[in-house]
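Here's the structure we're looking at; comments come further down.
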Amino acid sequence: MRVLAVDPGEKRIGLAISDPSGTIANPLTVIKHVSRLMDAAAIASIAAEREAGLILIGQALDDEGQATPQSRHSVRLAEAVRVQSTIPVLLWEESYSTQEARTARINLGASRRKRRGHLDDLAATVILQSYLNQISSQRPTT
């Protein structure tokens, strides 16, 4: 099953998609934030086009696991996507995903110049891969 991951931001929304087996996360695209309803419609449309079986929306929590203003934004976005799509929507803890994406870009040898700019699609990839790894570790081995 393909999974579409969403890294919601104030200016841009990063998207990542898994392979059909739900094992490997890949960056997909970045969409510009317009409004919650327009963003939700775009996410629902992309998920349907890519035949996703699940939409995963990143939700940053504080160090005690409590909601933050950004996490409440994620909850409202998830609710809007649920209204626009029949695909299940799941919130997933995504704290530090942008920092992990930045570190990954550095580890891949990207120059300082190429490291500038948005990391939204890579952050969505980090969120998605953490979910896929968690699900994989819970599957029974045969």
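The values are calculated or read from the model by the stated rules, or taken from the named source; none is laboratory data. From a predicted model like this one, the values you see are computed outputs, not experimental measurements. Quick reminder, even Gly has a Cβ in these numbers, built from the backbone with ideal geometry, and neighbours come from all protein chains shown.
Some values worked out for this structure:
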item	result
In segment 18-48, the residues that are part of a strand (DSSP E or B) and either charged (D, E, K, R) or touching a Gly at 6+ places or on another chain (Cβ under 9 Å) (or both)	Pro27, Leu28, Thr29, Val30, Ile31, Lys32
Counted residues, segment 49-70 - those being surrounded by 14 or more Cβ atoms within 10 Å (Cβ to Cβ) and assigned to a loop (DSSP other than H, G, I, E, B)	2
Residues being of a type in the set (Gly, Ala, Ser) and in contact with a Gly (Cβ under 9 Å, 6 or more places away or on another chain) - total across segment 75-93	0
Test: residue in segment 107-117 that is within 17 Å of Pro8 (Cα to Cα), assigned to a loop (DSSP other than H, G, I, E, B) and either in contact with a strand residue (DSSP E or B) (Cβ under 7 Å, 6 or more places away or on another chain) or at pLDDT below 95 (or both)	yes
Filtered residues of segment 11-41 (kept if of a type outside the set (Ser, Thr, Tyr) and without any contact (Cβ under 8 Å) to a residue 24 or more places away in the chain)	Lys11, Asp19, Pro20, Ile31, Lys32, Val34, Met38
Residue check, Ala67 at pLDDT below 95, aliphatic (A, V, I, L, M) and over 15 Å from the mean Cα position of the chain (by Cα)	yes
For Asp19: the one exception among (1) surrounded by fewer than 18 Cβ atoms within 10 Å (Cβ to Cβ); (2) in contact with a Lys or Arg (Cβ under 7 Å, 6 or more places away or on another chain); (3) not polar (S, T, N, Q)	(2)
Checklist (1) out of contact with any Asp or Glu (no Cβ under 7 Å at 6 or more places or on another chain); (2) at pLDDT below 85; (3) surrounded by 19 or more Cβ atoms within 10 Å (Cβ to Cβ) applied to Val89, failing item	(2)
Test result for Ala41, farther than 15 Å from Gly14 by Cα, modelled with pLDDT of 95 or more and surrounded by 12 or more Cβ atoms within 10 Å (Cβ to Cβ)	no
